[in-house]
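The values are calculated or read from the model by the stated rules, or taken from the named source; none is laboratory data. Bear in mind the structure is a predicted one, so any value in this text is a computation, not a measurement. Cβ coordinates were reconstructed from backbone atoms using ideal geometry, including for glycine residues, and neighbour counts include every protein chain displayed.
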Amino acid sequence: MNHHRNESALIMFLLIMTILPVSPAFTIGNSTLLYREGAKLALSGNIDGAIAKFKESIARNPYYSTGHYGLGKAYLHQPGKIKDAIRHLERAARLDSKNAKAYFYLGIAYMFDKKMVKAIHAFDDAYRRDATFIEAIYNIAAAYDMMGYDSKAFLYFEQFLQKKERTERDILF
């Protein structure tokens, strides 16, 4: 009797699953493919086309960090879209806390928005996640310089130059 009930439940489940439409949000790979198409468009200079692809990517999967990263980065190239860039780059960083690039470009967006303290924190987060990302140190120095903190700026510029020299030396040997 129990066996028959389980079989009936399984048959009912399979019938329902064949009737329900499959949402594009759950189609495997679509968000990634759309992101890649957007990235190609952005690299070719078609920022508007890239934005459309990135939006489509995150519409299919709102938790896709890379889609938010692409959209945020693309918005950096659009006049008047800094707030949108910040929103999507913050989301990308929250969704994938290891993504050093998301933090780096979030720092750039904060600099454009004249939020230097937030920019410094974002650049520091980028560098802590990827110590080869020495451009983050340079941008910390630039932010301190813009704020008028000459001695802090000097220390970070010096740190950047030391790491850059070490990196270039490591490449040669």
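Computed values, structure above
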item: The lone exception for Tyr69 - which of (1) assigned to a helix (DSSP H, G or I); (2) closer than 24 Å to Leu155 by Cβ it fails; result: (2)
item: Residue under evaluation Tyr110, criteria (1) on the phi < 0 side of the Ramachandran plot; (2) surrounded by fewer than 24 Cβ atoms within 10 Å (Cβ to Cβ), criterion not met; result: (2)
item: Which numbered condition Gln159 misses (of (1) modelled with pLDDT of 95 or more; (2) over 30 Å from Thr32 (Cβ atoms)); result: (1)
item: Whichever residue in segment 113-152 is among the hydrophobic types (A, V, I, L, M, F, W, C) and at pLDDT below 95 and, among such residues, is farthest from Lys83 (Cα to Cα); result: Ala131
item: Residue in segment 132-148 that is within 29 Å of Glu37 (Cα to Cα), touching a residue at least 24 places away in the same chain (Cβ under 8 Å) and part of a helix (DSSP H, G or I) present; result: yes
item: Residues of segment 33-58 that turn out to be touching a residue at least 12 places away in the same chain (Cβ under 8 Å) and either in contact with an Asp or Glu (Cβ under 7 Å, 6 or more places away or on another chain) or more than 16 Å from Ala102 (Cα to Cα) (or both), as a count; result: 13
item: Hey, Glu56 within 16 Å of the chain's Cα centre (by Cα) and either crowded, with 20+ Cβ neighbours inside 10 Å or under 30 Å from Asp145 (Cβ atoms) (or both) or not; result: no
item: Options Ala143, Ala93, Ala100; residue that is surrounded by 22 or more Cβ atoms within 10 Å (Cβ to Cβ) and under 27 Å from Ala50 (Cα atoms); result: Ala93
item: Output for segment 78-105, where each listed residue is part of a helix (DSSP H, G or I) and under 18 Å from Asp130 (Cα atoms); result: Leu89, Glu90, Ala92, Ala93, Arg94, Leu95, Ala100, Lys101, Ala102, Tyr103, Phe104, Tyr105
item: Residue match in segment 18-39 (condition: at pLDDT 95 or above, outside any loop (DSSP other than H, G, I, E, B) and of a type in the set (Val, Ile, Thr)); result: no
